[in-house]
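Throughout, read-outs are computed from the coordinates displayed, never taken from laboratory work. Owing to the predicted nature of the structure, the values given are computational and were not obtained by experimental measurement. No Cβ is skipped: glycine too gets one built from the backbone with ideal geometry, and neighbour counts run over all protein chains shown.
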Amino acid sequence: MNHTDAASRPNVIWIFGDQHRAQALSVIGDPNIQTPNIDRLAVSSRTGIAGSPLCSPFRGSLLTSQYPHRCIPGHDMALPEGIPTVATVFGQNGYQTAYFGKWHVDGAVHRSANTRPAFQHVDANRRGDFNYWVGYENNNSQYDCWVHGHQEDGTPIASYQLPTYETDALTNLLIDYLRGRGFSSRRPSLDPTSSWHDQKKGKRPFFAALSVQPPHGPYVAPPEFMERHQAETVQFRPNVPPVDRIRQEAQQSLAGYYAMIENLDWNVGRVLQTLEETGLADQTILIFFSDHGDMHGSQGRILKCVPWEESIRIPFLVYGAGIDTTLTDYPELINHVDITPTTLGLCNIEVPESMTGIDYSGYFMADRQQPVSPPDSAFLQLVDPGWRYGFASDRERPWRGLVTSDGWKYAVLEGQPWLMYNLNEDAYELANLALDGRFKRERQHLQGQLMDWIDRTGDNFKLPEIT
C-alpha cells in the first residue's frame with residue numbers, strides 16, 4: 001500500500017492487562033473500585049469474551065485470529081512460525097507498529113535451561129513482525145521487570161531493568177512513542193489548511209500495543225494505590241461462598257488487585273492526556289481489554305482457566321476517532337479471535353483469509369459493514385492447560401463450551417457433562433442445570449451448537465453423550 005494512502009487511516013492503540021475481569025470496573029458497577037479514566041472509554045461496548053482464559057492461548061489467538069487448537073493450545077507454548085500476525089497485516093498496509101510489555105508467546109521451547117521466563121531472550125524473528133518491540137516473555141515481579149528488544153531501525157535493545165513499577169514504566173515507553181509521533185503540544189486546528197494538517201499529510205499511521213502484567217498476581221501496586229484498599233472492607237460478589245478460608249484469601253488478594261487496576265486506570269489517563277497534548281486524539285482509536293479474568297473466590301475458585309463469568313468475561317472498550325457513540329447494538333460476544341479482525345476493520349483494512357475471527361467494526365462505525373450472519377454464540381476452549389500437578393482438578397482438564405447471545409452458557413469435560421446456566425435468570429451462576437431433566441431440550445440444543453463449533457473449527461474434542 002502507498003504510505004500516502006495509509007496516512008488517511010486512524011492510529012490504533014491496544015491497552016490490555018493480564019487477569020483483569022470485566023466486573024472489576026466502576027462503570028460495570030463494582031463498589032470496590034473507581035476507574036474514571038477507563039470508564040471514559042466506555043462509549044460503546046462494555047465487555048467481551050476470553051474464549052480461552054489462559055495467558056498464552058489467548059495471546060496467540062489475539063495476535064493471529066486463530067483458535068488455540070490451531071495456534072497456541074496451552075500454557076507456555078510457542079507461537080507457530082509463519083502465521084501472519086496483526087502487526088504483519090498493519091505493516092503491509094503502511095502502518096508503523098510497536099509493542100511494549102508482556103509477550104508470553106515465545107514458549108518454554110526457546111528458553112535456556114535454568115532460565116527464568118523473565119530473562120528469556122525473545123529472538124527478533126519471533127517478535128510478531130512488530131517494527132519496534134520492547135518487552136519480556138513472562139514475569140511475576142512488578143518491581144523487578146527486565147525488558148529487551150529492538151528499535152524501529154532494527155538496532156537491538158539490550159536487556160535492562162525497568163526503573164519503576166511495571167505498569168508505570170511501560171506506559172512511559174508508550175507515551176514516549178506517542179510524543180515522537182505527535183504534531184504539536186496543542187489540540188490541532190480544525191482548519192484543513194493549517195500547518196498541522198500539512199504535517200499529517202504523508203505521515204504513516206501507527207498501531208501500538210501496551211501489554212502490562214498487572215493486575216495479575218502478586219497483587220501489589222505503588223503505595224499510594226495500596227493505601228486506598230483494605231482487605232476488611234472488600235465487598236464480595238454473591239457467588240463467593242461464606243467459607244472463612246476462601247473469603248480471607250479473596251479479601252487479601254482483591255485489596256491488591258483493585259489497587260493494581262486503579263493504578264492501570266491512572267496510566268490510561270496519562271495516555272489519554274498525551275493523545276490530547278500531541279494532537280493525536282482525533283486521529284487515534286484506543287481499544288482496552290484483557291487476556292482473561294480472575295475468580296478471586298467466586299464459585300470457591302481462584303485464578304483462571306475455567307468457564308465461569310469471572311474468568312471468561314473481559315472488558316472490551318472501543319473509543320476515539322470515528323467511533324459512533326449513537327450506535328447502541330454492540331456485540332456482547334466479541335471473542336478473542338475477533339479482536340484483530342475488528343481492529344483491522346476499524347481501519348478499513350481487509351482481513352486476510354488466514355484469520356478466522358469476525359470483523360465487528362460495523363457495530364462501532366456507521367460507515368462500516370456489519371457481519372452478514374454473525375454467530376449467535378462464542379466458542380470457549382481450554383485445549384491443553386499445561387498444568388501437571390498430579391490431581392484431577394478441572395483447572396487441569398481440557399474442556400469446551402459456549403456462551404450464547406440469548407443468555408445460555410454450556411460447558412463439558414471430555415466425555416462428561418459439566419456446566420449449564422441460564423445467565424438471564426442466574427447472572428452469578430448459582431444453579432448448575434447440566435443434569436437437570438427439566439432442561440433436556442435446551443441442553444440438546446446447546447450440545448448441537450457446541451458440536452457445530454467443534455466441526456467448523458476443525459477441533460478434535462470428544463463431546464460427551466447427553467440425555
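Here are the numbers for this structure:
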quantity: Two-site FRET efficiency, residue 416 against residue 442, from Cβ-Cβ distance with R₀ of 22 Å, rounded to 0.05; calculated: 0.75
quantity: Scattering curve values for the stretch 377-456, log₁₀ I(q)/I(0), Debye with Cα scatterers, q = 0.14, 0.16, 0.21 Å⁻¹; calculated: -0.48, -0.61, -0.99
quantity: Neighbour cut-off at most 11 other Cβ (10 Å), DSSP loop, chymotrypsin sites (Phe, Trp or Tyr not before Pro), the stretch 226-333; calculated: none
quantity: FRET E, pair residue 116, residue 432, Förster distance 60 Å, beta-carbon r, rounded to 0.05; calculated: 0.90
quantity: 14 Å Cα-Cα reach of residue 304 towards aspartates and glutamates, excluding residues that sit fewer than 8 places from it in its own chain; calculated: 18, 291, 294, 384, 394, 396
quantity: Neighbourhood net charge (10 Å Cβ-Cβ; Lys/Arg +1, Asp/Glu -1) for residue 405; calculated: -3
quantity: Alpha carbon Rg of the chain, scaled by the compact-globule rule 2.2 N^0.38 Å; calculated: 0.95
quantity: Volume in Å³ per residue [convex hull over Cα atoms, computed for the stretch 1-97]; calculated: 126 Å³
quantity: Tail beyond 12 Å, pair distance distribution of the stretch 231-274 (Cα, percent); calculated: 65 percent
quantity: Under 12 Å, Cβ to Cβ, from residue 330 - net charge with Lys/Arg +1 and Asp/Glu -1; calculated: -2
quantity: Label-to-label distance, nm, for residues given as residue 179 and residue 40 (7 Å Cα→Cβ offset); calculated: 1.8 nm
quantity: Gained length - residue 81 relative to residue 244, 0.36 nm times residue gap less alpha-carbon distance; calculated: 53.9 nm
quantity: Potential extension, residue 327-residue 143 segment - 0.36 nm per residue separation minus Cα distance; calculated: 62.1 nm
quantity: Contour minus Cα-Cα distance for residue 123 and residue 353 (0.36 nm per residue); calculated: 80.1 nm
